[in-house]
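Undergrad: Sharing a structure here in structure tokens format.
Each value in this text was obtained by applying a stated rule to the coordinates, not by laboratory testing. Everything numeric in this text was worked out from a predicted model, so none of it was measured. For neighbour counting, all protein chains shown are included, and Cβ atoms are generated from backbone atoms with ideal geometry for every residue, glycine included.
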Amino acid sequence: MSDHASYPPPPPGPPLAKGVPEQGAVVPERVSRAWRAWLATLATDAEAATAAASLYAELPDEARDAWLDALAEDAPEVAVPGAALYGPLLAVEADPVRSARIQRQLGSALELCIQPSRALCGTSDDGERIVVLVIPQYLEFVRVLACRFSAERGFVWAHQMPILAADDAPRAGEQLEGVELRRLSPQAAVDELAHAVVAQVRAGRPLPQLLRDVAALFSVQRDGTTGSIG
């Protein structure tokens, strides 16, 4: 980053300057070095990637633009794949114009996957189901979507870990809320969630916002046709 670059608010981690300087403000070289060192951790440290995504998601528009300005200048100086720097931001960016800018700065298409690579399920003593979807994102990171629901009443809760190291994702034999998880095919898991969506709607209850945000999961293709549930 040059001495005259704008600088985004610091994510948790290195001791960086706070706030976004006014245009033309001088950024000390030690701050630039700390920023670049922290950026390098985004390729391997899921906590750093999650922190980046969480902080970026909370920023106002002008601060997000400042973050992208800084990345445009500093990304070539950081020896990690561009997906590591831009993937956490793209995962939480809802504005199509800024998403397109992220793709342009990255220089290649980064499509965040919506199809789960594996799934887990379990049944509680009272008959409620827990389904966990593990969805590849970029590099060695995944997104984990977990839901608890009743076949008759719909969803009890829905939670998401947007960025997690693949090796840290839940696995068969582990427990969630005291329920042991076992393997389930991804398609069967999505089908169960789709039926829970239908039960939720029939009960006159609004869908959890998280499930609205991942509605593409419930687009299914059979015999060349596509249908949307929810």
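Undergrad: From the list 156, 197, pick out the single residue that is among the β-branched types (Val, Ile, Thr), over 30 Å from residue 51 (Cα atoms) and within 23 Å of the chain's Cα centre (by Cα).
TA: Testing whether each residue is among the β-branched types (Val, Ile, Thr), over 30 Å from residue 51 (Cα atoms) and within 23 Å of the chain's Cα centre (by Cα) leaves just 197.
Undergrad: Among the residues of the stretch 169-204, how many are touching a Phe, Trp or Tyr at 6+ places or on another chain (Cβ under 8 Å), over 27 Å from residue 140 (Cβ atoms) and either among the hydrophobic types (A, V, I, L, M, F, W, C) or assigned to a loop (DSSP other than H, G, I, E, B) (or both)?
TA: Looking only at that region, the number is 4.
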